[in-house]
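Colleague: Mind looking over this structure? Questions follow.
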Amino acid sequence: MRPFIQPFVLILFLLTLHVPVRAEDPIDGKPGGTLRGVARTANGQPVPFIRLTIRDLHKSATANEEGIFILKGIPAGQHTLRASGVGLQMLEQTVSIADGQSTEVNLIITESTSQLTEVAVKGVKSPNQEPVLIGKIAIRPLDLPQSIAVVEREVLERQQTLRLSDALMNVNGVYVMGTTGGSQEEIAGRGFAFNSSNTFKNGTRFNNGAMPELSALERVEVIKGSSAILFGNVAAGGVINLVTKKPRFDAGGQVTMRVGSYGFYKPSIDVYGGIGNRQRVACRFNATYENSQSFRDHVSSERVYVNPSLLFKLNAKTDLVLEADYLKDNRTADFGTGAINYVLADIPRSRFPGVSWSYNHLNQSSASATLTHRFNQQWQLRATGAMQDYSSDLFANQRPNGNSQFIKTDGDWVRGLQRTSVAEKYYVSQVDLTGQFSTGRIKHTLLFGADADQYRTNTTAYNPVNVYDTINVFNLDKYRQRTDIPTLTTRTLTKAPIDRAGVYVQDLLSISEKLKVLAGVRWSYQQTGSNVLTYADGKTASTYSYADAFTPRFGIVYQPTQMTSLFVSYANSFNINTGVDVTGNALPPSFINQYEAGIKNDLFGGLFSANLTAYQIVNSNLAQTSLANGNTNTNIKELAGEVTSRGVEIDLKSKSYRGFSFIGGYSYNQTKYTKSNTYVVGSLLVYNPKNTANISLYYAPARLRGFNAGITTFYTGDRVAGRSTRVTVANDTYRLMPVPSFTQVDLSVGYGAGRFSLRTKLSNVFNVLSYYVHDDNSVNPIAPRQVSATLGFRW
């Protein structure tokens, strides 16, 4: 009897959990008014955790991390508001309060030059000091033997990021592999693809077949290298976590309108605030609509996104956050310009050789509940239950060079048609217990957790049309193109259930102030099935495989100073293999070993962070087609291959200093076959650039209050696409295709006055041309020079 995992067990536990709600004294009901405001520096940076006091009333409050504060129940009249904090010049300002009304103030805070170093440390935290949500436990990156990068909301806004690739221009070593069909961005790092198992939203897996909506994000977190101990079956290159904006008790919001080249327009709204007088419930609502043509002829897109969320303060120790979102993305399916004899076709970037009516319709919705209970300052329980629904309907021409319909040297191409529909449901539940304690002189930071998830994916494939019509990619007027939409009959229905569960424990041991050891292990179980119904004969072929694995993690961190950390680490991950061995049994999983070493530095009192990492990742039992007894069945495999990835990464980042801030980095990676019975040993894996680099410089001068400007540069080195050369096949169907390097430069300029702001952006300033290529059949050019502007109103 096959074991079956019920991921709802933990959700049922949450539903039956009784959390007492503590009664709270009502807010002062006497007549009075409310004072709201935000504290910022002269260059517009928020001043977090500053203390606000009404002098004559001895009434005070502390601003949040965004510098926002609120004081209620203030008697009508004039009062003196005092703002103070470590390393800041004290500010006093007279405010007028009216009964039943809300008064708003904007405070400009000046740093005290005599305490500027202390401000740099105790103000906004450096990248090496701020824990990331994806880590599941509040550990500073400085204490972790792993490379971490974060792109904050401030960077997302000032760079006017539209797609995830825009945000990742600030993260070296993470890059776009391809944009197959023009409807998704395939991300990779350290030589390994970030598939849906490596992409998360608020800590739960996210189907990256749909491009995420960045206007709803608070930040983007990237943990490079293995994270199998936290999530089980994830690729070795790293994970990405998209953190959405959360409910807030202070009332406010923003509306924006963005317009740009090729008929682009995008209105957005973001509203938040508390509900009721007792301030126990806060809400937030994000929504946006996007409509655009394209630099590609006859290509267009339309997106709708909504994201409501609620925060319930059940008592002083317990919070419940409910979040949901819905995305509808309709766009023209676009497989690019094509290649001829493994060379990029020399046709205009704008030319679209696909059928005019092609489409890809995507729908994605999700809902989650996260309960956080703090037993005391040392121990916390966090439980999450989430679900996601994803569907797609692709109906378009076959890819150029797909299904043996190659573009000929003279440009003639016989177009065929394809159609595929996907319906996927995903459920996950997870519980994490975190705490701090001591055994003698050793301090412990403990994470203990369990998770279970379930995929139910149904894929309908249609019988293709191998010959629809003929066009010439060099001269679209040479032949008359068909515009009718034929009806395709269903061919197969594939049901692919996946059930997973895991238990993990991790402990950060502080042996001394300078020496720390991180150790942990995870046990994972996974059941994978495939049920293929063939409509022609009504028969179903079923296969199931089961696998479990232990994935350890170990690292040593030495900190000679409070601002410097040296580390070495080992981590192990696994990859589930499809197919069977020569005896017909399911293949065991492949285990991947990662070794990493580096140094992290916070320089000049935390003003500047500089990190260096070196790594080696080895999959020494890569599954490849078995060659035993002259076998040619690609479903019969053996663990006969090896892939090795080696690289070095440099990460640089600064806080704002005299109006300037900086993000930069460089990555070198080489991923190649080091053992194979199928591919040429020493040949590079496709899609992965050896070199990537990024520089972002931002300037907000104090003398020109409200003005800011920035430049973002990202370099992607030479890559290869095509099909890896096989040692056993001597023909032209397996060849590598060089893809040239390129450097993209974006400029942004903004100005804010009061509640209004205007940001402009010029992307791809030098109008460089390059491509993202999948195999040799989806050759998508990058966008040319474009301009956009965003007008915003904030309250």
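Colleague: Scan region 339-381 for residues that are surrounded by fewer than 16 Cβ atoms within 10 Å (Cβ to Cβ) and of a type in the set (A, V, I, L, M) and jot them down.
Modeller: The answer is Val343, Ala367.
Colleague: Quick one: in region 54-78, which of the residues that are β-branched (Val, Ile, Thr) and either surrounded by 15 or more Cβ atoms within 10 Å (Cβ to Cβ) or assigned to a loop (DSSP other than H, G, I, E, B) (or both) is modelled with the lowest pLDDT?
Modeller: Applying the first criterion (β-branched (Val, Ile, Thr)) to region 54-78 yields 54, 62, 68, 70, 74.
Filter once more, keeping what is either surrounded by 15 or more Cβ atoms within 10 Å (Cβ to Cβ) or assigned to a loop (DSSP other than H, G, I, E, B) (or both): 54, 68, 70, 74.
Values: Ile54: 87, Ile68: 82, Ile70: 86, Ile74: 89.
Going through the qualifying residues, I end up with Ile68.
Colleague: May I pose another question? For region 539-591, give me each residue that is out of contact with any helix residue (DSSP H, G or I) (no Cβ under 7 Å at 6 or more places or on another chain) and aromatic (Phe, Trp, Tyr).
Modeller: Within region 539-591, Tyr544, Tyr546, Phe550, Phe554, Tyr558, Phe567, Tyr570, Phe591 meet the criteria.
Colleague: Looking only at region 124-136, filter to residues that are in a loop (DSSP other than H, G, I, E, B) and open to solvent by 20 Å² or more (accessible area, probe 1.4 Å); which one of those is nearest to Gly665 (Cα to Cα)? Even if it seems obvious, please write down each step before you answer.
Modeller: Just the residues of region 124-136 that are in a loop (DSSP other than H, G, I, E, B), to begin with: 124-132, 136.
Now narrow it down to the ones that are open to solvent by 20 Å² or more (accessible area, probe 1.4 Å): 124-125, 127, 129-131, 136.
Values: Val124: 21, Lys125: 19, Pro127: 14, Gln129: 19, Glu130: 19, Pro131: 20, Lys136: 26 Å.
Checking each candidate, the answer is Pro127.
Colleague: Here is a further query. In region 745-795, what count of residues is obtained for those that are assigned to a strand (DSSP E or B) and over 17 Å from Pro348 (Cα atoms)? Give the steps one after another, and end with the answer.
Modeller: Taking region 745-795 first, the residues assigned to a strand (DSSP E or B) are 745-753, 756-763, 771-774, 778-781, 786-794.
Okay, now just the ones that are also over 17 Å from Pro348 (Cα atoms), so 745-753, 756-763, 774, 787-794.
Residues that pass the stated criteria total 26.
Colleague: Do the conditions hold for Ala452, that is, is it modelled with pLDDT of 95 or more, assigned to a strand (DSSP E or B) and farther than 30 Å from Leu509 by Cα? I'd like the intermediate steps shown before the answer.
Modeller: On the way: modelled with pLDDT of 95 or more: yes; assigned to a strand (DSSP E or B): yes; farther than 30 Å from Leu509 by Cα: no.
It is false that Ala452 is modelled with pLDDT of 95 or more, assigned to a strand (DSSP E or B) and farther than 30 Å from Leu509 by Cα.
Colleague: Just checking, how many residues over region 347-404 are among the β-branched types (Val, Ile, Thr), in contact (Cβ under 8 Å) with a residue 60 or more places away in the chain and outside any loop (DSSP other than H, G, I, E, B)?
Modeller: Within region 347-404, the subset among the β-branched types (Val, Ile, Thr) is 347, 355, 370, 372, 384.
Subset that is in contact (Cβ under 8 Å) with a residue 60 or more places away in the chain: 347, 355, 370, 384.
Right, trim to outside any loop (DSSP other than H, G, I, E, B) and you get 370, 384.
So the count comes out to 2.
Colleague: Looking only at region 471-487, decide whether some residue is in contact with a helix residue (DSSP H, G or I) (Cβ under 6 Å, 6 or more places away or on another chain) and β-branched (Val, Ile, Thr).
Modeller: Quick first cut of region 471-487, residues in contact with a helix residue (DSSP H, G or I) (Cβ under 6 Å, 6 or more places away or on another chain) only: none.
So far as region 471-487 goes, no, none of its residues is in contact with a helix residue (DSSP H, G or I) (Cβ under 6 Å, 6 or more places away or on another chain) and β-branched (Val, Ile, Thr).
Colleague: Quick check: is even one residue across region 468-476 among the charged types (D, E, K, R) and over 30 Å from Asn777 (Cβ atoms)?
Modeller: Applying the first criterion (among the charged types (D, E, K, R)) to region 468-476 yields 469.
Now narrow it down to the ones that are over 30 Å from Asn777 (Cβ atoms): none.
No - not one qualifying residue is present in region 468-476.
Colleague: Kindly indicate whether Asn195 is open to solvent by 10 Å² or more (accessible area, probe 1.4 Å), of a type in the set (S, T, N, Q) and farther than 22 Å from Tyr305 by Cα. Give the steps one after another, and end with the answer.
Modeller: On the way: open to solvent by 10 Å² or more (accessible area, probe 1.4 Å): yes; of a type in the set (S, T, N, Q): yes; farther than 22 Å from Tyr305 by Cα: yes.
For Asn195, the condition - open to solvent by 10 Å² or more (accessible area, probe 1.4 Å), of a type in the set (S, T, N, Q) and farther than 22 Å from Tyr305 by Cα - is met.
Colleague: Would you please name the residue that is farthest from Thr288 (Cα to Cα), looking only at residues in region 148-163 that are assigned to a helix (DSSP H, G or I) and open to solvent by 30 Å² or more (accessible area, probe 1.4 Å)?
Modeller: Just the residues of region 148-163 that are assigned to a helix (DSSP H, G or I), to begin with: 153-158.
Imposing the further condition that a residue be open to solvent by 30 Å² or more (accessible area, probe 1.4 Å) reduces the set to 153-154, 157.
On the way: Arg153: 17, Glu154: 19, Glu157: 15 Å.
Looking at the filtered set, the residue picked out is Glu154.
Colleague: A follow-up question, please. How many residues does region 283-293 hold that are within 18 Å of Arg794 (Cβ to Cβ) and of a type outside the set (D, E, K, R)? If you could, list the steps in order and put the result at the bottom.
Modeller: Going through region 283-293, the residues within 18 Å of Arg794 (Cβ to Cβ) turn out to be 283-288.
Narrowing the set further to residues that are of a type outside the set (D, E, K, R) leaves 283, 285-288.
So the count comes out to 5.
Colleague: Still on this model: Can you name every residue in region 733-774 that is in contact with a strand residue (DSSP E or B) (Cβ under 7 Å, 6 or more places away or on another chain), within 17 Å of Gln786 (Cβ to Cβ), free of Cβ contacts under 8 Å to residues at least 60 places away in the same chain and not β-branched (Val, Ile, Thr)?
Modeller: Phe742, Leu747, Leu762, Ser763, Asn764, Phe766, Ser770
Here is a yes/no grid of residues against (1) among the aromatic types (Phe, Trp, Tyr); (2) open to solvent by less than 20 Å² (accessible area, probe 1.4 Å); (3) in contact with a strand residue (DSSP E or B) (Cβ under 7 Å, 6 or more places away or on another chain):
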| position | (1), (2), (3) |
| --- | --- |
| Lys495 | no, no, yes |
| Ile498 | no, no, yes |
| Val505 | no, no, yes |
| Ala536 | no, no, no |
| Asp548 | no, no, yes |
| Phe554 | yes, no, yes |
| Tyr570 | yes, no, yes |
| Phe574 | yes, yes, yes |
| Val580 | no, no, yes |
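Colleague: Something else now. Scan Gly191, Gly237 and give me the residue that is of a type in the set (Gly, Ala, Ser) and at pLDDT 90 or above.
Modeller: Details: Gly237 fails: at pLDDT 90 or above.
Just a single option satisfies the conditions, and that option is Gly191.
Colleague: From Thr420, Thr409, which residue is hydroxyl-bearing (Ser, Thr, Tyr) and part of a loop (DSSP other than H, G, I, E, B)?
Modeller: Working: Thr420 fails: part of a loop (DSSP other than H, G, I, E, B).
One residue alone meets the criteria, Thr409.
Colleague: So, one more: Which of the residues that make up region 162-191 are touching a residue at least 60 places away in the same chain (Cβ under 8 Å) and polar (S, T, N, Q)?
Modeller: Hits for region 162-191 are Asn170, Asn172, Thr179, Thr180, Ser183.
The values are calculated or read from the model by the stated rules, or taken from the named source; none is laboratory data. Quick caveat: nothing in here was measured; it's all calculated off a predicted structure. Every residue, glycine as well, gets a Cβ built from its backbone with ideal geometry; the counts of neighbours run over all protein chains shown. What goes into the accessible areas is simple: the full protein's heavy atoms, side chains included, and nothing from ligands, DNA or RNA. Shrake-Rupley method; radii C 1.70, N 1.55, O 1.52, S 1.80 Å.
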